[in-house]
Amino acid sequence: MDTARIRSNIASLLFKIFVVIFLAIEVYPILWMLISSFKETREFTSNPSYALPEGFFVQNYADAWTTGRMGIFFKNSLITTAVSLVLIVALSSSVSFALVKMRWALRGIALSFFMSGIMVPVTIVLIPLFTMYKALHLLNTYWSLIITYTGFGLALSVYLIASYMRSLPDELIEAAVIDGCDIYQVFWKVVVPLSMNAIITVLVIQFFFRWNDMIFSMTFISRTAMKTVQTGLLYFSDEWGNKNWGAIFAAISIGVMPTLALYAGLNKLVIDGMTAGAVKG
């Protein structure tokens, strides 16, 4: 018994050491990025890369926001991402309700159609979308990104929310109908509140994808004033190609902070939303 307990303690200790090492590997790049954002330009050449900054040079953030136009890029990313998330959540939750809780012909085929969207590679649709947006005069507009973000976000969102809604007891809906609720009241007052964990999960996941998008922004947006955060980071060089590394790291920090803050605040709900749908009832 003592031998088994010793082995269990050793295994637990080794696991904890592994977790600590793994967390250090994951956290170190973020800390290094934040530390580097407060360094002056000369420190990147005169001091080792792992050295702490000699002071807190906050001018890097001012340069990134104004000279580096991160304020404009941040606004563009915020608008396209926010509008896309509203459309994704509204459409995917209503579609999931119709596919899972309503009875109608061909709903299985419709569900398979949405699921097939997960398997569509992004690269094969870039040229057709570019040609379509050019004909519709949507290039260099917010709508070229919003439409694309919404379309590509629906498949995974419908899959997640539909899986969660499938675990909701049908008796709740039947009780609401008996109490006099119509189909819209059942959806907004019963199903949506009960599916909030799944909806928040979709919000967080889709926020990561849309906020960090580069390929669509580079394809459909060529005007500097319309570029988003990820493509805007390419502009941190002067006419001779010199890099302002302090401002670059400050800009990267500005771009990363929303995703870190969102996940840190909602990670428990995300985990609940990802797992609860796997348990029936």
(request) Hand me the trypsin sites (Lys or Arg not before Pro) from segment 44-105 located in a DSSP loop with no more than 12 other Cβ atoms within 10 Å, in residue order please. (result) Arg103
(message) Nearest 10 degrees is fine. How inclined is helix 245-276 to the longest principal axis of the chain, computing both from alpha carbons?
(response) 20 degrees
(message) Report the gain in length on full extension from Ala175 to Phe208: 0.36 nm times residue separation, minus Cα-Cα distance, nm rounded to one decimal.
(response) 8.1 nm
(message) Suppose every Lys and Arg Cβ carries +1 and every Asp and Glu Cβ carries -1, with no other charges. What dipole size does the chain come out with about its Cα centre, to the nearest 20 debye?
(response) 340 debye
(message) Within the chain, how many Lys pairs that are eight or more residues apart, or on different chains, come under 22 Å at the alpha-carbon?
(response) 9
(message) With the alpha-carbon atoms as the only input, what is the per residue convex hull volume for the chain in Å³?
(response) 211 Å³
(request) Taking the chain as the reference, fit the longest principal axis to its C-alpha atoms, fit the long axis of helix 2-36 to the helix C-alpha atoms, and give the angle between the two in degrees, 0 to 90, nearest 10. (result) 60 degrees
(request) Compute the length gained on full extension between Arg5 and Val19: take 0.36 nm times their separation in residues and subtract their Cα-Cα distance, giving the result in nm to one decimal. (result) 2.9 nm
(message) Which residues does the label zone of Tyr263 cover in segment 5-46, counting backbone N under 16 Å from a point 7 Å along Cα→Cβ?
(response) 22-34
(request) Could you let me know the centre-to-centre spacing of segment 147-223 and segment 68-105, using Cα atoms, in angstrom? (result) 8 Å
(message) Please compute the length gained on full extension between Glu54 and Val256, using 0.36 nm multiplied by the number of residues separating them and subtracting their Cα-Cα distance.
(response) 70.4 nm
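Since every read-out is calculated from the coordinates, none of them should be taken as a lab result. These numbers were taken from a predicted model, which means no experiment stands behind them. Note: ideal-geometry Cβ built from the backbone for every residue, glycine included; neighbour counts use all protein chains shown.
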